[in-house]
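Okay, so here's the structure we're looking at.
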Amino acid sequence: MTDMHLSNHDQMADCLQGLRVIDLTRNLPGPFATRLLADLGADVLKIEPKQGDPARVFGELFAALNHGKMTEKHDFHDPKAIEAIKAHLKKADVMLDSFRPGVLAEMGLDAKTLHVINPKLVIVSITGYGVADCHSTEDADSEDGSQVNHDWANKAGHDINFMAMSGVLDQLKTAQGEQAMPNIQFADLAGGSDTAVIALLAAVFAAQRTGRGRHVAVSMTHSLYNHMVMPKVTGKLINSLSGNGLNDTLLPQHDFLGGALPCYRLYQTADQRYMAVGALELKFWQGLCQVLELPALKETHWQLGIMPNRPESEAATNTIAEKFASQTLEHWQCVFAATDVCVTPVLSLHEAKAHPLFAHQDEHHAISGWQQVN
């Protein structure tokens, strides 16, 4: 662990000092959320079942997620164990869980019970599909006035299921339209961990001002759906600009940022690697054309009215593809190292670990997404 890494953590580790967190979560989404809180200085007590967190079998993963946390093991079916957990919760600021809806009540750890002993307690439940009472006509209203009314609350699922149901997985297509199978747990981490931390900190801030805690259910599926802010509008935009009306149905690989634009896509190199071209703005595109010695393409850009459906746009894509395919990744990496046109190599995990960008990662190959600027 380098001094730079220690410095970054030391500078930010005072932000949540004194925040007392009881972590009942397991596997990945909850423990990563409380890992983020611990990195910011929170005191985290991880309470596991007697058999332990299932993630313990992964060894290094468990250590990366849970180092620095205090741990206890309890039998969640034992009333004495529940009373011991309540004793911790009486002095805590936050409790996180990842049980299915209704399980907390069965254990005697529901919000109604806990707020009697600790009115300021914030409870955050990370769920797959959220909560809803599909048999009631008095469901909680969502912000747009529509009722939260579905029968998915108690269904089991994992990251791949939440990605699939949110519509996000279908957006991950190859250039040929084949379905990609991601190796990053977007639902668990972005939809679960990160969203839970945001909701948690907001609720704690409110509790400090009002003296009242609350129970917040985070839905990984709904959070991912909410992250699709671009695909929800860009399909309609591309179709309207292409003269295809206002239909918002568009294949992901033909969408605005899905590979339809020659200035924003992946190009294969001579050694079957890829360069990522993000020259979305005209100035970057023209800089790219200059570097590639293709000045004739400088005016072939969407901001100048050359949309993806135009023959000029398709010809530009083919010309640039041929150019990148003529040399290796290493060659292009050297060519673009001294430029500022939003072109980068697609690094492997091994290459990323060794890159100077991540020289201050810790022994768990972790790195904070934040830095305090002095």
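The values are calculated or read from the model by the stated rules, or taken from the named source; none is laboratory data. Everything numeric in this text was worked out from a predicted model, so none of it was measured. Heads up, the Cβs are rebuilt from the backbone with ideal geometry, glycines too, and the neighbour counts pull from every protein chain shown. The protein model used for the area step is the full one, side chains on, heavy atoms only, and it has no ligands, DNA or RNA in it. Shrake-Rupley method; radii C 1.70, N 1.55, O 1.52, S 1.80 Å.
Close amide H contacts of V122 (hydrogens built in the peptide plane, cut-off under 5 Å, sequence separation of 5 or more or a different chain): V94, M95, R214. Put one equal scatterer on each alpha carbon of the chain, apply the Debye formula with no solvent term, and list log10 I(q)/I(0) at q = 0.07, 0.08, 0.12 1/Å to two decimals. Those come out to -0.42, -0.55, -1.05, one per q.
List the pairs from K46/K155; K50/K155; K112/K155; K298/K323; K69/K112; K69/K155 whose alpha-carbon separation is above 21 Å, in the order I gave them. Numbers along the way, then the final one.
Details: K46/K155 25 Å; K50/K155 25 Å; K112/K155 24 Å; K298/K323 15 Å; K69/K112 27 Å; K69/K155 30 Å.
Violating the 21 Å Cα-Cα cut-off are K46/K155; K50/K155; K112/K155; K69/K112; K69/K155.
Charge dipole of the chain (Cα centre as origin; +1 on each Lys and Arg Cβ, -1 on each Asp and Glu Cβ, all else neutral): 560 debye, rounded to the nearest 20.
Backbone amide hydrogens, once placed in the peptide plane, bring K73 within less than 5 Å of E48, excluding anything fewer than 5 places away on its chain. Dipole of the chain computed with +1 at Lys/Arg Cβ and -1 at Asp/Glu Cβ about the Cα centre; of T234, Y264, A55, farthest Cα towards the positive end is A55.
Working note: Cα atoms of region 160-225, range along each principal axis, descending, whole Å: 55, 16, 14. Listed values for region 15-26 are Karplus-derived 3J(HN,Hα) couplings in whole Hz (6.51 cos²θ - 1.76 cosθ + 1.60, θ = phi - 60°), namely 4, 10, 4, x, 6, 9, 10, 9, 10, 9, 7, 9, and x replaces Gly and Pro. Using θ = phi - 60° and the Karplus relation 6.51 cos²θ - 1.76 cosθ + 1.60, list the HN-Hα couplings for region 105-111 in order, rounded to whole Hz, with x at every Gly or Pro. Whole-Hz 3J(HN,Hα) from phi for region 105-111: 5, 4, 7, x, 10, 6, 4. Round to a whole number: what % of the accessible area of region 1-113 belongs to carbon and sulfur, probe 1.4 Å? Reported share for carbon and sulfur atoms: 55 percent.
Per residue, the accessible area of the chain comes to 55 Å² when a 1.4 Å probe rolls over the protein heavy atoms.
Of the trypsin sites (Lys or Arg not before Pro) found in region 10-107, those that fall in a DSSP loop while having at most 12 other beta-carbon atoms within 10 Å are K50, K90, K91.
Need one number: % antiparallel among DSSP beta bridges in the chain, to the nearest 5.
Values: 10 of 32 bridges.
Counting DSSP beta bridges with both partners in the chain, the antiparallel share is about 30 percent.
Tell me what the chain gives for mean residue ellipticity at 222 nm when only DSSP H runs of n ≥ 4 count, each as -39,500 (n - 2.57), the sum divided by the residue total, rounded to 500 deg cm²/dmol. If you can, show how the numbers build up before the last one.
Values: 15 runs with 137 residues, N = 374.
Dividing the helical sum by the residues of the chain leaves -10500 deg cm²/dmol.
A simple count of charges around K73, restricted to other residues whose Cβ falls under 10 Å of its Cβ and scoring Lys, Arg +1 and Asp, Glu -1, yields -2.
A cut-off of 5 Å between modelled amide H atoms, ignoring neighbours fewer than 5 places along the same chain, links T269 with Y274, M275.
Legend: helices of the chain (whole DSSP H runs) are marked when their alpha-carbon atoms reach 18 angstrom or more along the helix axis and their mean Kyte-Doolittle hydropathy is at least -1.0; marked are 195-210, 311-325.
Per-residue packing, averaged as other Cβ atoms within 10 Å, sorts the ranges 291-297, 312-318 into the order 312-318, 291-297, beginning with the highest.
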